[in-house]
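Right, one structure below, let's go through it.
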Amino acid sequence: MTVDKKPIRFGHTEGHTDICFDDTGNYIVTCGSDGDVRVWEGLDDDDPKSISVGEKAYSAALKGSKLVTAASNNTIQVHTFPEGAPDGILTRFTTNANHVVFNDSGTHVAAGSSDFMIKIVDVSDSSQQKTLRGHDAPVLSIAFDPKDVYLASSSCDGSVVVWNISDQVRVTTWKLLQKSSDVSNAKSICRLSWQPCSGKLLAVPVDQAVHLYERDSWKEIGKLTDDFIKQAVNVVCWSPCGKFLAVGCVGGLLTVWNVENQECLEREKHEKGYTVCGLAWHPKGDQLGYTDTEGCLGLLEGLSAGSVTSSKLPSSREVKDYDDLFDDDDDDGVLEDHLSEKQSPSKRPFIEDDDDDDLMPSLGRSRHRGAILDDEENSLDVASVKPEMEKEAGENYKHGPVEPPGRLSYDGPLPTPRQKPFQSGSTPAHLMHRFLVWNSVGIVRGYNDEQDNAIDIEFHDTSVHHSMHLTNNLSHTLADMSQEAVLLACESTDELASKLHCLHFSSWDTNKEWMVDLPKGEDVQVVCLGQGWAAAATNAMLVRVFSIGGVQKEIFSLPGSVVCMAGHGEQLLVAFHRGTGFDGDQSLGVLLLQLGKKKRQILNGEPLPLSRKSYLAWLGFSAEGTPFTVDSEGIVRMLNRSLGNTWTPVCNTNEHCKGKSDHYWVVGIHENPQQLRCIPCKGSRYPPTLPRPAVAILPFNLPYCQVTTEKGQMEELFGRSVLFHKHLDFLEASGYEIDETAKNQAQKEQQELLMKMFALSCKLERDFRCVELAELMPHNVVTLAIRYASRTKRMSLAQRLSELALEKAAELASSCVEEEEEVEEEQEDFRTQLNAGYSRTATEWSRHQNRIQQQPSREKEQANVVEEEEEEEEGGGGEVEVDDEACMENKKSLHKLFNKAGNSTEQSPKISLMSSREGRVNPFKVSATVKPSGLSTGQTRSTNILDNMVKSAKKMAAPVSQTSDKQKSPVLKPLMPKPRSKTQATLFKVSTNKNANKSIDDKEKEVLKMETAVPSPEDTENRKPRTGFQLWLEENRNSIVMDHTDMDEADIIKEGMSRFRLLSTEDRMSWTEKAKRGRAEDPTELKKRKRTEGEEKDQVNGSQADEAPKKKKIVDASAKLSAFAFNKD
Amino acid sequence: MDPSEVEFLAEKEMVTIIPNFSLDKVYLIGGELGPFNPGLPVDVPLWLAINLKQRQKCRIVPPEWMDVEKLEVIREQERKEDTFTPIPSPYYMELTKLLLNHASDNIPKADEIRTLVKDTWDTRIAKLRLSADSFVSQQEVHAKLDNLTLMEINTIGTFFTDSLNNLFKIRANLQPRGESTMSQEY
């Protein structure tokens, strides 16, 4: 078909216009914002007749000799046609009507008004009125059903409603459109249209598509889309024959479709690109008149010869024709699928792309959920009818070769449109009143309406700065704020470059702001502020970093286009597109940079996890500086730095929503106290600026299993507590001052939880689990656990736990040793390896310190531990020959030693830890004790490794090196006892140091304390079975005293211990044997049990004899314990 | 009781404010308040809220019931029923008065709310007068009045009890003349 596009001509002044043809087709009638209705006798009519109907005419309708207009005086007037004489007023509204239409027979007029009402008036008797109420916003357009049963209307509230005229009730409602506050703000005036004659289809313009709904079933049976349609469809109009649909778009595109095969017959561009707002077919169907928002009138002639012929056919035939069309293809009754099926599936995603793009200008889709569901249903249908479709493929091609056959068969994953860049905590840019940003510092609001284009900056804490009001001359659309500055940015316009505008209010000089122009063609997309710096990401995939005073600093390229950016302190977090996501998923990557003095990249563009089919909705830092993300499904994730920078989901905000379409809009996150600050939005994703939304606080919840049970609850609490206190470690590591009390409190809380979980597992008789839990506990809590276990008569558990306690003590000790040796040997050249582990051990160590500090009574226990370890030594020493594996590993470590003597100090504790974790039972074990070999081998090995330490020899006390000469065994090197004794010494030192704030003068005190600590085992010796060491010591004491006359008691014992360890295994065994014989009174009792009992006795004795604070502590501990017991039983 | 005393009692009611300053917990005799974080809602007694508001240290979040739609429902309910309907807050009148006087800029549609609350109040007071009237005229000995707020009781309490006393005295003086018949009447 050939179309003749006539040149447009001016008809009215700028503003909304409407057009219609008279019944004969001789006249074109237009109305416009100049308040005139013009009657044209064709486009070339130089002197159209003007009828003045008011100040402005919004809409006109013509039927027979009656011309009905909606004018600015809020009335619906009737004029005679073509004379133009006033013929009375049909009805009035409280504000102007937006659209007025005649029904087919011309008996009734319907009008929709900005006062949300629709009135249907009998033309002959204007007292016969029907009012349709139910829209919540101005009515945009209305359409009479040709059969006069229904009336369709669209409104600014986003809904399209079909009403039953006689009952004045809603038949169906679709939430299709974007909400707007007024007709002038609506993206599209959404002129609907019923298919003439049959009224079988209702065409509704929805964004860039036209949806076709079927009468009575009200199902969407198809969608007309075209790649050329880039902007919203404004007007649709059926040809009189009902076969063709003319579509007028914002931006001036006119298309004509053959609805039967969804073929786009004609695409015409408005010559000036004005928005088409009025569209009318000539009654003969060969001409299409249109008007635009600039008051111009145009005409397309020679449309579709076919349509001319068909329009001549009787209308009944027409309907049949249409039915046939559906029936012959598809006898299975999947009528409603048919149209969508015809539409090429490969084309669909692009359509949806456009939809989405348009609807989520800055922050994702604000589209109504229902519509999304609709879409999904529809696409599902397409999938289900797929095989059928392929069968019929040939047939389809006959109808219209829309797509090449190759594309039709593709059914793999489809790419997702990329989400647009956005600013965290902002509402979409198309809103007139919006939040440019809402974060933990304050709020930046933007107003952009007729009277005002302004920005309001408000601080939560008015002590930071008072609120500010700026006129937004540059039309800034991006903003971020920190305690130091407010950063604004605008995109480039035709004349002006994209600008970055910083209000640096904390500056101490008089220039409180600076501005930077970006290079031509580069637009700011996201901005953020950190401490002392500002950053802007641009569409050139660059991130530009400025100092807060405006100095340009770093500049780097991003691996993909930016999505969002956030700053905190010295950290910069950037989310960007790594690639194209498929099937609704986004493919985002994340960068985390440290911008301070030591610049480094922490996250190197790793994929950012998001929920299925969701997009990023918020990205930022908690107040403590941990990165967090929120996706559109409401899942909040935090970066877990201790688990290799993984992301852990910590909250699902949608779980807290009452309604399905409610959302929470996150504005800030705090880790201590655990708060997710967000704004509840009823029925939307974003809050309105007015009334001022209130912040709500949501709790965090790790998605653990079975959180309804006590076990699950406690596990969740513990896991969360651990996770949410990681920031302390991070802050400490990055050199910030941290709140020690908060840290201690957190540890206490975690220990309590562990203890509760332990008690629960005890009650459930899950001993293995108990041990697992105990492994998580620090040493002093393990002792509590042991007491709990022994009190509840779970001896085997208590025994295992005590082994664990020993292990922990050893670990603690070795970390002390490490620490010291590292300090001493710092200058030596093995730094690479050491440095890797250094920071970690340091933090672990400090943690231990804290724990030690918590229980001064530990000193006493230490004394016991000394004995314990002695016993182990014996057992372990005996085993060396038996345990092959241990030997092997010994060799290995020896080998290592030769290579790098220094390293072994670093590694030995780790090895011992590893092997002890194995916890295997040694079948060859001969010792009387029932310990798992893993533990003892670990001990042995570590001592052996330490034996071979030549390096630390210099630290050894001179007397010890002397004794080395007396060594019988050539294998055992002199250093072997050293770490042990040293361990003890350091342990003592640690506790005292802590107590006395690490002053060196306290060495004397330390000695004193040791004296109080050491005699206690001696006091209880008569009650307590002696160990081999004690027996040995008694005999050899004199010799030691002779060697070193100046020694005090503690040193003698130390010295004794070191010497004892230097004895050969056989010797030691024999001493142990002696000791055993000595305590053969109750052989059935387990040794461990005795120890724990003895320990308790010890403590009782000690507390009676010793000073008050110790006593108090013990009471505290047992009180705590009994509290657990009470709770659990 | 004086109305000002009733108001004083009402000032203990908790309201939500959004402070624009930061302050740790405050320990008072009546309990601890806070901590105050800028931008985060926190519950404080009315007296403190008003004090802070006057110093422009906070925004007051109106109570949930202080909403035109909800109050309209309450007013309609109050008009429809003969008895007193339950009221959302025992100090609704005092709260409304204080909040609207001091923080009307934080309360959307303050004027409408004022009218609505006043309407409800008037209706209730009218009911109260009516029932007092019938109480006296029918010479009832006791009456049960549910859902009355302290302020409402206070408006009529002293006057009513005094009048009843006086009435009793008058009647007692009347008694000697028609002793037997009157006593039977009671």
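The values are calculated or read from the model by the stated rules, or taken from the named source; none is laboratory data. Please read all numbers here as calculations on a predicted model, not as lab measurements. Quick reminder, even Gly has a Cβ in these numbers, built from the backbone with ideal geometry, and neighbours come from all protein chains shown.
Given B:GLU5, B:GLU69, which one is of a type in the set (Asp, Glu), away from chain A (no Cβ under 14 Å), within 20 Å of B:MET93 (Cα to Cα) and in a helix (DSSP H, G or I)?
Details: B:GLU69 fails: away from chain A (no Cβ under 14 Å).
Among B:GLU5, B:GLU69, only B:GLU5 is of a type in the set (Asp, Glu), away from chain A (no Cβ under 14 Å), within 20 Å of B:MET93 (Cα to Cα) and in a helix (DSSP H, G or I).
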When you scan segment A:602-701 for strands (runs of 3 or more DSSP E) that lie fully inside it, which ones turn up with 3 or more residues that are more than 14 Å from chain B (Cβ to nearest Cβ) and among the polar types (S, T, N, Q)?
A:646-652
Restricting to segment A:160-177, what's the tally of residues that are surrounded by fewer than 21 Cβ atoms within 10 Å (Cβ to Cβ) and under 36 Å from the mean Cα position of the chain (by Cα)?
2
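Given the criteria touching a Phe, Trp or Tyr at 6+ places or on another chain (Cβ under 7 Å), more than 22 Å from B:ASN20 (Cβ to Cβ) and either more than 14 Å from chain B (Cβ to nearest Cβ) or free of Cβ contacts under 8 Å to residues at least 24 places away in the same chain (or both), does A:PRO421 qualify?
On the way: touching a Phe, Trp or Tyr at 6+ places or on another chain (Cβ under 7 Å): no; more than 22 Å from B:ASN20 (Cβ to Cβ): yes; either more than 14 Å from chain B (Cβ to nearest Cβ) or free of Cβ contacts under 8 Å to residues at least 24 places away in the same chain (or both): yes.
Considered against the rule, which asks whether it is touching a Phe, Trp or Tyr at 6+ places or on another chain (Cβ under 7 Å), more than 22 Å from B:ASN20 (Cβ to Cβ) and either more than 14 Å from chain B (Cβ to nearest Cβ) or free of Cβ contacts under 8 Å to residues at least 24 places away in the same chain (or both), A:PRO421 comes out as no.
When you look at B:ILE74, is it within 14 Å of chain A (Cβ to nearest Cβ), assigned to a helix (DSSP H, G or I) and within 18 Å of the chain's Cα centre (by Cα), yes or no? Give the derivation first.
Values: within 14 Å of chain A (Cβ to nearest Cβ): no; assigned to a helix (DSSP H, G or I): yes; within 18 Å of the chain's Cα centre (by Cα): yes.
When the stated conditions are applied, B:ILE74 does not pass them.
Hey, among the residues in segment A:178-189 that are among the hydroxyl-bearing types (Ser, Thr, Tyr) and part of a loop (DSSP other than H, G, I, E, B), which one's surrounded by the most Cβ atoms within 10 Å (Cβ to Cβ)? Walk me through it before giving the result.
Taking segment A:178-189 and keeping what is among the hydroxyl-bearing types (Ser, Thr, Tyr), we get A:180-181, A:184, A:188.
Of the ones still in play, those that are also part of a loop (DSSP other than H, G, I, E, B) are A:180-181, A:188.
Values: A:SER180: 21, A:SER181: 15, A:SER188: 24.
This residue is A:SER188.
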Considering residues of segment A:491-502 that are free of Cβ contacts under 8 Å to residues at least 40 places away in the same chain and surrounded by 13 or more Cβ atoms within 10 Å (Cβ to Cβ) only, the residue nearest to the chain's Cα centre (by Cα)
A:GLU491
Of A:VAL464, A:VAL486, which residue is within 14 Å of another protein chain (Cβ to nearest Cβ), closer than 20 Å to A:ILE548 by Cα and touching a Phe, Trp or Tyr at 6+ places or on another chain (Cβ under 9 Å)?
A:VAL464
The condition from (1) assigned to a loop (DSSP other than H, G, I, E, B); (2) within 30 Å of B:ASN20 (Cβ to Cβ) that B:ILE113 misses is numbered (1)
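I want to confirm something. Restricting to segment A:451-461 and keeping residues that are free of Cβ contacts under 8 Å to residues at least 24 places away in the same chain, of a type outside the set (Asp, Glu) and buried (at least 18 other Cβ atoms within 10 Å of the Cβ), which single residue is farthest from the other protein chains (Cβ to nearest Cβ)?
First pass over segment A:451-461, keeping only residues free of Cβ contacts under 8 Å to residues at least 24 places away in the same chain: A:451-454, A:456, A:458-461.
Still in the list and also of a type outside the set (Asp, Glu): A:451, A:453-454, A:459-460.
Among the residues that remain, those that are also buried (at least 18 other Cβ atoms within 10 Å of the Cβ) are: A:459-460.
Values: A:PHE459: 7, A:HIS460: 3 Å.
Going through the qualifying residues, I end up with A:PHE459.
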Run B:ALA103 past the list (1) within 21 Å of B:SER4 (Cβ to Cβ); (2) within 14 Å of chain A (Cβ to nearest Cβ); (3) without any contact (Cβ under 8 Å) to a residue 12 or more places away in the chain and report the number of the one that doesn't hold.
(3)
When segment A:555-575 is examined, which residues are found to be surrounded by 15 or more Cβ atoms within 10 Å (Cβ to Cβ) and either among the acidic types (Asp, Glu) or part of a loop (DSSP other than H, G, I, E, B) (or both)?
A:LEU558, A:GLY560, A:SER561, A:GLY569, A:GLU570
What tally of residues in segment A:190-201 results from selecting those that are of a type in the set (A, V, I, L, M) and either over 18 Å from A:ALA232 (Cα atoms) or surrounded by fewer than 22 Cβ atoms within 10 Å (Cβ to Cβ) (or both)?
1
Residue satisfying all of: in segment A:1-39; buried (at least 23 other Cβ atoms within 10 Å of the Cβ) and over 14 Å from A:VAL68 (Cα atoms); modelled with the lowest pLDDT among these:
A:GLY11
Mind listing whichever residues of segment B:16-36 are touching an Asp or Glu at 6+ places or on another chain (Cβ under 9 Å), more than 8 Å from chain A (Cβ to nearest Cβ) and assigned to a loop (DSSP other than H, G, I, E, B)?
B:LYS25, B:GLY34, B:PRO35
Just wondering, is there one or more residues in segment A:82-89 that are crowded, with 22+ Cβ neighbours inside 10 Å and either among the aromatic types (Phe, Trp, Tyr) or in contact with a Ser or Thr (Cβ under 9 Å, 6 or more places away or on another chain) (or both)?
no
Where A:CYS197 falls short, out of the listed (1) free of Cβ contacts under 8 Å to residues at least 40 places away in the same chain; (2) closer than 29 Å to A:SER105 by Cβ; (3) among the hydrophobic types (A, V, I, L, M, F, W, C):
(1)
Among residues of segment A:475-488, those that are in a loop (DSSP other than H, G, I, E, B) and either free of Cβ contacts under 8 Å to residues at least 12 places away in the same chain or under 22 Å from A:VAL441 (Cβ atoms) (or both), counted:
6
Out of everything in segment A:576-586 that is in a loop (DSSP other than H, G, I, E, B) and either without any contact (Cβ under 8 Å) to a residue 40 or more places away in the chain or in contact with a helix residue (DSSP H, G or I) (Cβ under 9 Å, 6 or more places away or on another chain) (or both), what residue ends up being nearest to A:GLN423 (Cα to Cα)?
A:ARG578
Test A:SER761 against the stated conditions and say whether it is within 23 Å of A:ARG720 (Cα to Cα), surrounded by 18 or more Cβ atoms within 10 Å (Cβ to Cβ) and among the hydroxyl-bearing types (Ser, Thr, Tyr).
yes
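From A:ILE51, A:ILE89, A:ILE28, which residue is farther than 18 Å from A:PRO138 by Cα, in contact (Cβ under 8 Å) with a residue 60 or more places away in the chain and of a type in the set (Val, Ile, Thr)? First the steps, then the outcome.
Values: A:ILE51 fails: in contact (Cβ under 8 Å) with a residue 60 or more places away in the chain; A:ILE89 fails: in contact (Cβ under 8 Å) with a residue 60 or more places away in the chain.
Just one listed residue meets the conditions, A:ILE28.
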In segment B:120-144, anything over 23 Å from B:GLU72 (Cα atoms), surrounded by 11 or more Cβ atoms within 10 Å (Cβ to Cβ) and touching a Ser or Thr at 6+ places or on another chain (Cβ under 8 Å) is listed as B:VAL136
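Residues checked against (1) under 30 Å from A:LYS597 (Cα atoms); (2) of a type in the set (Val, Ile, Thr):
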position: A:GLY446; (1), (2): no, no
position: A:ILE455; (1), (2): no, yes
position: A:HIS466; (1), (2): no, no
position: A:TRP514; (1), (2): yes, no
position: A:ASP517; (1), (2): yes, no
position: A:VAL551; (1), (2): yes, yes
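Given the structure, is B:VAL42 in contact (Cβ under 8 Å) with a residue 60 or more places away in the chain and within 14 Å of chain A (Cβ to nearest Cβ)?
On the way: in contact (Cβ under 8 Å) with a residue 60 or more places away in the chain: no; within 14 Å of chain A (Cβ to nearest Cβ): yes.
It is false that B:VAL42 is in contact (Cβ under 8 Å) with a residue 60 or more places away in the chain and within 14 Å of chain A (Cβ to nearest Cβ).
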Among the numbered criteria (1) on the phi < 0 side of the Ramachandran plot; (2) within 14 Å of another protein chain (Cβ to nearest Cβ), which single criterion is violated by B:TRP47?
(2)
Please state which of the following conditions A:TRP218 fails to meet, knowing it meets all the rest: (1) surrounded by fewer than 23 Cβ atoms within 10 Å (Cβ to Cβ); (2) over 39 Å from the mean Cα position of the chain (by Cα); (3) free of Cβ contacts under 8 Å to residues at least 60 places away in the same chain.
(2)
Within segment B:17-31, is there a residue that is buried (at least 18 other Cβ atoms within 10 Å of the Cβ), at pLDDT 90 or above and among the β-branched types (Val, Ile, Thr)?
yes
